[in-house]
Amino acid sequence: MQTIAKIHRIKHSVLQYKENQHPNLNEIAQRLKCDPSISDVAVVHSETTSGIINDIRGIGSIIKEVSPKVNFLVDAMSSFGGVPLSLKDGTIDHFVSSSNKCIQGVPGFSFVISKKSSLLQSELSEARTLSLDLHQQYRDLEKNGQFRFTPPTHTIIAFEQALKELEVETLQGRYNRYRKNAEVLVEGMKQLGFETYLDSEKLGPIITTFLNPQHHAFNFKIFYQKLLERGIAIYPNKIATIDGFRIGTIGHIFEKDIRYLLETRK
């Protein structure tokens with residue numbers, strides 16, 4: 001998000017935390033009090049670098065308590081459809097997600113769900129891009145029900161089917177499945193000698209970062225390739241300060257698939 005702000009020359013400041021830390025609510029409140037020019041606050045719900053899930057309700061509440069007119073933007077790309085996220089308390093003004101990830105569709109587009117009053121307010125600001133002008137897209141949908149530019153129709157059809165499948169499984173059911181996948185994975189990997197980067201109370205159901213074992217015989221490239229040969233793809237580490245790797249537990253994955261991975265590792 002910081003890179004996006006830089007590219008679009010949006011004046012911004014950053015409260016930065018380590019990948020295993022939640023944002024500090026007191027620091028957020030203090031920054032808002034000290035800088036009345038702040039108009040928007042953005043945060044990632046599920047941080048896939050480490051797997052941590054941030055406290056959206058707590059962050060949103062403190063923003064609206066200190067600065068009620070500040071817009072709260074949530075990046076829910078990797079969590080919406082798989083982790084409960086309530087919009088009923090009114091703290092979230094806009095959140096963005098994707099047609100794939102927890103929705104379990106195919107990649108191809110993202111979407112924004114906005115509080116209507118906040119979306120209409122954006123008309124007062126000049127759009128920085130043509131195709132991503134949300135307010136104009138909203139106006140066109142209200143006027144003629146059409147996308148402003150050629151939509152990815154095949155991806156939308158897949159998205160519709162994915163939503164039907166989510167409705168059958170239910171959000172809570174999908175969350176429970178993802179959570180069970182993650183719990184079985186972590187327990188099994190610990191039995192094999194692997195430790196998680198995050199403390200247990202911070203582990204989310206989306207993806208888990210494991211530390212490389214301190215053993216001279218362990219080689220991640222070989223480990224990765226052997227799993228790939230058995231039909232299992234894992235992710236390399238993205239945290240500069242540790243040596244590790246990540247394993248995702250979302251999508252059309254079930255406990256039996258996690259146990260297959262663990263048996264394969266043995």
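The values are calculated or read from the model by the stated rules, or taken from the named source; none is laboratory data. Here the structure is a predicted model, which means the values were calculated and not measured. A quick note on method: Cβ atoms are made from the backbone with ideal geometry, for glycine too, and the neighbour counts reach across all protein chains shown. Remember, those area values only see protein heavy atoms, side chains included, never the ligands or the DNA or RNA. Shrake-Rupley method; radii C 1.70, N 1.55, O 1.52, S 1.80 Å.
Of all residues in region 162-175, which are part of a helix (DSSP H, G or I) and out of contact with any Ser or Thr (no Cβ under 9 Å at 6 or more places or on another chain)?
Matches in region 162-175: L163, K164, E165, L166, E167, V168, E169, L171, Q172, G173, R174, Y175.
R179: open to solvent by 50 Å² or more (accessible area, probe 1.4 Å), at pLDDT 95 or above and more than 25 Å from K18 (Cα to Cα), yes or no?
Spelling it out, it is not the case that R179 is open to solvent by 50 Å² or more (accessible area, probe 1.4 Å), at pLDDT 95 or above and more than 25 Å from K18 (Cα to Cα).
Of the conditions (1) farther than 30 Å from L171 by Cα; (2) in contact with a Pro (Cβ under 8 Å, 6 or more places away or on another chain), D55 satisfies every one except a single condition; which number is it?
Condition not satisfied by D55: (1).
Residues being surrounded by fewer than 20 Cβ atoms within 10 Å (Cβ to Cβ), hydrophobic (A, V, I, L, M, F, W, C) and farther than 27 Å from I247 by Cα: count how many of those fall in region 32-61.
Qualifying residue count, region 32-61: 3.
Restricting to region 230-266, give me the number of residues that are at pLDDT 95 or above, open to solvent by 20 Å² or more (accessible area, probe 1.4 Å) and part of a helix (DSSP H, G or I).
5
Between L130, L141, which is farther than 30 Å from N26 by Cβ, assigned to a loop (DSSP other than H, G, I, E, B) and either open to solvent by less than 40 Å² (accessible area, probe 1.4 Å) or of a type in the set (A, V, I, L, M, F, W, C) (or both)?
It is L130.
Conditions (1) over 25 Å from L211 (Cβ atoms); (2) modelled with pLDDT under 95; (3) of a type in the set (S, T, Y); (4) in a loop (DSSP other than H, G, I, E, B), marked per residue:
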position	(1), (2), (3), (4)
A5	yes, yes, no, no
P23	no, no, no, yes
E27	yes, no, no, no
R31	yes, no, no, no
A42	yes, no, no, no
G58	yes, no, no, no
S61	yes, no, yes, no
V83	no, no, no, yes
I92	yes, no, no, yes
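Taking the condition assigned to a loop (DSSP other than H, G, I, E, B), of a type in the set (A, V, I, L, M, F, W, C) and crowded, with 17+ Cβ neighbours inside 10 Å, does I10 pass?
Taking the combined requirement at face value, the residue does not satisfy it.
Starting from residues that are in contact (Cβ under 8 Å) with a residue 24 or more places away in the chain, of a type in the set (S, T, N, Q) and in contact with a Ser or Thr (Cβ under 7 Å, 6 or more places away or on another chain), keep the ones in region 97-127 and report whichever is most open to solvent (accessible area, probe 1.4 Å).
S110
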